[in-house]
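Have a look at the structure below before the remarks.
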Amino acid sequence: MSSSPCVGGEIEPSKTQPAIDTGEGEVGSAAKTAEMTQKRERFSEPDLDTVKRIKVADDADHVDYDEFRNALLLGEADFTFTRAFATMFDRPITASEYGSAADLCSRYHEDDEVKFTSSMASLAAIPNVSNVLASLNCRILGQDVVPCQRFNSVSSKFQDCSFWPDVSDKFSLIIFNFPHTDQNGKASRLVRALFKQLRICVDDGRLPSDFTLEMRLREFNEREGGWTKHRAAYCHEEAAAESSFTPVGKYPDDLRRWQELGYEHTMTKRDAKIRGLTGSVWRWRPSNNKEG
Ligand SMILES: C[S@@+](CC[C@H](N)C(=O)[O-])C[C@H]1O[C@@H](n2cnc3c(N)ncnc32)[C@H](O)[C@@H]1O
């Protein structure tokens, strides 16, 4: 892949990326594991050149979750991805959103407290959903104290809490789908801040040095001088390299899989419409040393 120039602000609706059919049919799980290992090895060089050369994996089926002990989901908005994810990931999930409980109630439940409480209660009742959090800001995850709100299934209310002390097991997977904000430089600054904060957490041991960050990121093609260029608004490759994260995989759009399980993409702007959303799946791990 060539260098990905950053374009600021909102991005245009993306064009549909064709699904690639390898025609290989079903493979046994041992063969699949060996293939995954090979694939990971191919993606494990830490320098920025490698970041720019990372290849798209052959098919989205390779985005699997067998290796992870637990997961933290960031910026979940209406939690439809959480519900979809919980149907196929049977280990503990901490699901979070940046907006406060009041924001969530107003934005996704028409300010109807009863509907909101019942939705949060049903989410928290999913056996492997261990925490439902609001007001969790990924820009401050590396601070000593990270305030947030936790849904209490007994009182059916969100209560103020502090994020890290309540984490019983270190996260082996963190997912943030379509990070975006209306504030300050929008997506690229948010992504840069996320990598920086996660780097702090790895360095001080709050996150394991082999944890995986997964993000679904919108991409679109742009005609430039007769060439179709692939651009992304997040500057994620640069942000990852700056905080010493190594790409370990890039996979084609897998949204249909989640949409079939009930996921509905949520836009930052209330009335924004999105046509033909596609989202490549990116995975990173911390590089072994910061100079990586
Ligand atoms: C485009 S929406 C995507 C929502 C959801 N992940 C999805 O795929 O439908 C962007 C999300 O990023 C969240 N967000 C914005 N700033 C954030 C921050 N500082 N920390 C955590 N999440 C943030 C927003 O609240 C919103 O839920």
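The values are calculated or read from the model by the stated rules, or taken from the named source; none is laboratory data. No experiment lies behind these values; they were computed from the predicted model shown. As a convention, Cβ positions derive from the backbone with ideal geometry for all residues, glycine included, and neighbour counts pool all protein chains shown.
Taking PHE68 as the residue in question, decide whether it is more than 10 Å from the ligand (Cβ to nearest atom) and buried (at least 22 other Cβ atoms within 10 Å of the Cβ).
Values: more than 10 Å from the ligand (Cβ to nearest atom): yes; buried (at least 22 other Cβ atoms within 10 Å of the Cβ): no.
No; evaluated as a whole, the condition is false for this residue.
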Somewhere in segment 121-143, is a residue more than 30 Å from PRO252 (Cβ to Cβ), within 12 Å of the ligand (Cβ to nearest atom) and part of a loop (DSSP other than H, G, I, E, B)? yes
Of (1) out of contact with any Cys (no Cβ under 8 Å at 6 or more places or on another chain); (2) closer than 18 Å to GLY262 by Cα, LEU72 satisfies all except one. Which? (2)
Considering only segment 118-142, state which residues are touching a residue at least 40 places away in the same chain (Cβ under 8 Å) and closer than 26 Å to ALA239 by Cα. LEU136, CYS138, ARG139, ILE140, LEU141, GLY142
Residues being of a type outside the set (Lys, Arg) and surrounded by 15 or more Cβ atoms within 10 Å (Cβ to Cβ): count how many of those fall in segment 182-199. 9
Somewhere in segment 170-182, is a residue over 24 Å from ASP64 (Cα atoms), among the hydrophobic types (A, V, I, L, M, F, W, C) and in contact with a Ser or Thr (Cβ under 9 Å, 6 or more places away or on another chain)? no
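In the list PHE171, PHE116, which residue meets the criterion of being touching a strand residue (DSSP E or B) at 6+ places or on another chain (Cβ under 6 Å) and either assigned to a strand (DSSP E or B) or at pLDDT 95 or above (or both)?
Working: PHE116 fails: touching a strand residue (DSSP E or B) at 6+ places or on another chain (Cβ under 6 Å).
So the residue among PHE171, PHE116 that is touching a strand residue (DSSP E or B) at 6+ places or on another chain (Cβ under 6 Å) and either assigned to a strand (DSSP E or B) or at pLDDT 95 or above (or both) is PHE171.
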Could you check segment 203-267 for strands (runs of 3 or more DSSP E) lying wholly inside it with 1 or more residues that are over 25 Å from THR181 (Cβ atoms) and modelled with pLDDT of 90 or more? 245-251
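Here is a list: SER100, SER162, SER96. Which entry is of a type outside the set (A, V, I, L, M) and either more than 20 Å from THR266 (Cβ to Cβ) or over 22 Å from the mean Cα position of the chain (by Cα) (or both)? Quick ask: steps written out before the conclusion?
Numbers: SER100 fails: either more than 20 Å from THR266 (Cβ to Cβ) or over 22 Å from the mean Cα position of the chain (by Cα) (or both); SER96 fails: either more than 20 Å from THR266 (Cβ to Cβ) or over 22 Å from the mean Cα position of the chain (by Cα) (or both).
Within the list SER100, SER162, SER96, the selection yields SER162.
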Looking only at segment 75-92, filter to residues that are of a type outside the set (Phe, Trp, Tyr) and within 14 Å of the ligand (Cβ to nearest atom); which one of those is farthest from GLN259 (Cα to Cα)? GLY75
